[in-house]
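What follows draws every value from the coordinates through simple rules; no lab data is involved. Computed from a predicted structure; not experimentally measured. Counting neighbours? That spans all protein chains shown, and the Cβs are built from the backbone with ideal geometry, glycine included.
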Amino acid sequence: MAKRRKKAAYRRGNQNRFSMVLVVMVVALITAAVAMRSMELSQRLDVYAEREAELNQQIEAEERRAEEIENFRKYTQTKRYVEEVAKEKLGLVYEGEILFKEED
């Protein structure tokens with residue numbers, strides 16, 4: 001009977017070791033999978049950060065452009081702009097004003 005108990009205990013010991021090795025292997029595989037996925041996500045995060053920086057630069061450029069357009073719109077509503085256009089494009093002058101032109 002003692003031999004049977006020793007054999008049974010030996011089998012249980014081997015089964016326990018096999019179970020432990022199997023559990024360690026599964027945990028190692030899960031850890032490796034999580035690490036790989038973490039690296040992929042980190043790379044994606046870097047790409048998204050670069051894209052965000054590019055988009056922020058574009059937004060700033062468009063805001064500056066919108067400000068320039070608004071300033072030009074305000075300028076076109078001034079008397080000075082109207083006078084410049086009348087003189088340059090239409091060749092108009094004030095009454096009594098003398099216009100001098102360069103010879104070509």
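Data for the structure
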item	result
GNM top mover of ARG64, ARG51, ARG17 - the chain, alpha-carbon springs below 10 Å	ARG17
Full-stretch length increase - SER19, LYS74 - with 0.36 nm per residue and alpha-carbon distance subtracted	11.8 nm
GNM result for the chain, Cα springs below 10 Å: residue of ARG65, ARG80, ARG44 fluctuating most strongly	ARG80
Point-to-point label distance, VAL93-ALA66, nm (Cα→Cβ direction, 7 Å offset)	4.5 nm
Using alpha-carbon coordinates, inclination of helix 2-76 to the longest axis of the chain, degrees	0 degrees
Among (i) 12.9; (ii) 8.0; (iii) 13.9, the entry that matches mean projected area of the Cα convex hull in nm² as calculated here	(iii)
Principal-axis tilt of helix 79-88 within the chain, Cα atoms, nearest 10 degrees	70 degrees
Sparse-neighbourhood loop sites, GluC sites (Glu not before Pro) in segment 21-54 - DSSP loop, at most 11 other Cβ within 10 angstrom	none
Segment 8-99: chymotrypsin sites (Phe, Trp or Tyr not before Pro) in DSSP loop, at most 11 other beta carbons within 10 Å	TYR94
Selected from GLN43, GLN58, GLN15 as most flexible by GNM, with the chain as the system and alpha-carbon contacts under 10 Å	GLN15
